[in-house]
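A.B. asks: Following this message is one structure expressed as structure tokens.
The values are calculated or read from the model by the stated rules, or taken from the named source; none is laboratory data. Quick caveat, the model's predicted, so the values are computed rather than measured. Here the Cβ positions follow ideal geometry from the backbone for every residue, glycine too, while neighbour counts run over all protein chains shown.
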Amino acid sequence: MIAHLKGTIVAQREDTLVMDVHGVGYKVSCTRQMLERAPVGEHALVLTEMVVREDAWLLYGFSDEEERATFRLLTSVQGIGPKVALVILSTLGTQRLYEALLHQEPSVLCQAEGVGPKLARRLLNELKDKCSLPELASPVAAMAHNQSPVLQDVLSALGHLGYKRAEAFETVCRLNTEAPQACFEELLKESLKQLSAGQ
């Protein structure tokens with residue numbers, strides 16, 4: 001299976017990009033967030049998920065590990081195929097999706113094309129016990145709607161180190177509020193210090 005691609009973006013369409021990796025062009029269906037981070041002509045790293053069907057091998061691309069994990073979670077629900085999962089992620093983003101799941105808001109899920117009331121209720125019912133959702137009741141969670149790239153990168157790095165988003169989210173947001181000008185290295189170091197102390 002192909003876990004990621006690193007190369008040059010040579011073309012972009014409405015929901016796909018073509019990436020040149022050592023002379024081989026890979027077509028990847030991507031979230032809106034990934035497409036925004038990968039303009040034509042730029043060198044990029046795209047996290048991928050391969051879906052094998054009888055008639056095709058398809059690649060789906062994501063901007064970070066959280067997006068890919070959420071894609072896998074969505075496609076575990078009956079009636080949610082890769083295309084619909086990609087539309088949900090592109091429309092809502094992971095943070096808004098988690099909020100809708102946490103607060104049981106089917107109307108939010110219905111904003112994504114291809115998701116009707118019946119499918120939205122199924123998503124809520126099947127996923128409410130499957131994933132660790134951020135504790136959005138915290139005051140610092142207001143930052144969720146406007147996360148800085150540094151904050152997003154720190155959360156992603158902590159995820160790669162084994163911390164669940166639910167346990168890292170509040171700590172990182174609070175530290176970012178206390179020191180909004182902190183760089184990636186400073187914020188990551190302090191987050192690790194506090195998270196380790198809390199274990």
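A.B. asks: Scan the range 181-193 for residues that are touching a residue at least 12 places away in the same chain (Cβ under 8 Å) and either part of a loop (DSSP other than H, G, I, E, B) or not assigned by TED's automatic domain parsing to the domain that holds A157 (or both) and report the count.
C.D. replies: 2
A.B. asks: Given the conditions (1) modelled with pLDDT of 90 or more; (2) more than 24 Å from V154 (Cα to Cα), which single one is not true for L92?
C.D. replies: Failing condition for L92: (2).
A.B. asks: Same structure, new question: Suppose we filter the range 70-109 for residues that are touching a helix residue (DSSP H, G or I) at 6+ places or on another chain (Cβ under 8 Å), closer than 14 Å to K128 by Cα and either of a type in the set (A, V, I, L, M) or assigned by TED's automatic domain parsing to the domain that holds V52 (or both); how many remain?
C.D. replies: Looking only at that region, the number is 7.
A.B. asks: Residue by residue through the range 125-166, note down the ones that are in contact with a Leu (Cβ under 7 Å, 6 or more places away or on another chain), at pLDDT 65 or above and assigned to a helix (DSSP H, G or I).
C.D. replies: Across the range 125-166, the qualifying residues are L127, V150, V154, A157, R165.
A.B. asks: Continuing with this model, one more query. For S107, work out the one condition from (1) modelled with pLDDT under 90; (2) over 19 Å from the mean Cα position of the chain (by Cα); (3) part of a helix (DSSP H, G or I) it doesn't fulfil.
C.D. replies: (1)
A.B. asks: Can you pull out every residue in the range 44-70 that is surrounded by 11 or more Cβ atoms within 10 Å (Cβ to Cβ) and over 11 Å from the mean Cα position of the chain (by Cα)?
C.D. replies: A44, L45, V46, T48, E49, M50, V51, L58, L59, Y60, listed by residue number.
A.B. asks: I'm trying to understand the selection: among the residues of the range 111-122, which are under 14 Å from G79 (Cβ atoms), in contact with a helix residue (DSSP H, G or I) (Cβ under 8 Å, 6 or more places away or on another chain) and assigned to a loop (DSSP other than H, G, I, E, B)?
C.D. replies: The answer is A112, G114, V115.
A.B. asks: Now for a different question. Determine which member of the set T75, T8, T70 is among the polar types (S, T, N, Q) and touching a Ser or Thr at 6+ places or on another chain (Cβ under 6 Å).
C.D. replies: T70
A.B. asks: Then there is this: Quick one: which of V84, V40 is β-branched (V, I, T), without any contact (Cβ under 8 Å) to a residue 60 or more places away in the chain, over 15 Å from A3 (Cα atoms) and in a helix (DSSP H, G or I)?
C.D. replies: After ruling out the rest, the residue left standing is V84.
A.B. asks: With out of contact with any Lys or Arg (no Cβ under 6 Å at 6 or more places or on another chain) and modelled with pLDDT under 90 as the only criterion, which of E99, E113, E42 stands out?
C.D. replies: After applying the criteria, what remains is E99.
A.B. asks: Next question. Residues being closer than 18 Å to R96 by Cα and of a type in the set (K, R): count how many of those fall in the range 27-80.
C.D. replies: Residues that pass the stated criteria total 3.
A.B. asks: If I filter the range 20-40 down to residues being in contact with a Ser or Thr (Cβ under 7 Å, 6 or more places away or on another chain) and not polar (S, T, N, Q), which single residue comes out as farthest from L74 (Cα to Cα)?
C.D. replies: That would be D20.
A.B. asks: Now for a separate question. Can you pull out the residues in the range 43-67 that are in a helix (DSSP H, G or I) and free of Cβ contacts under 8 Å to residues at least 40 places away in the same chain?
C.D. replies: Passing the criteria: only E67.
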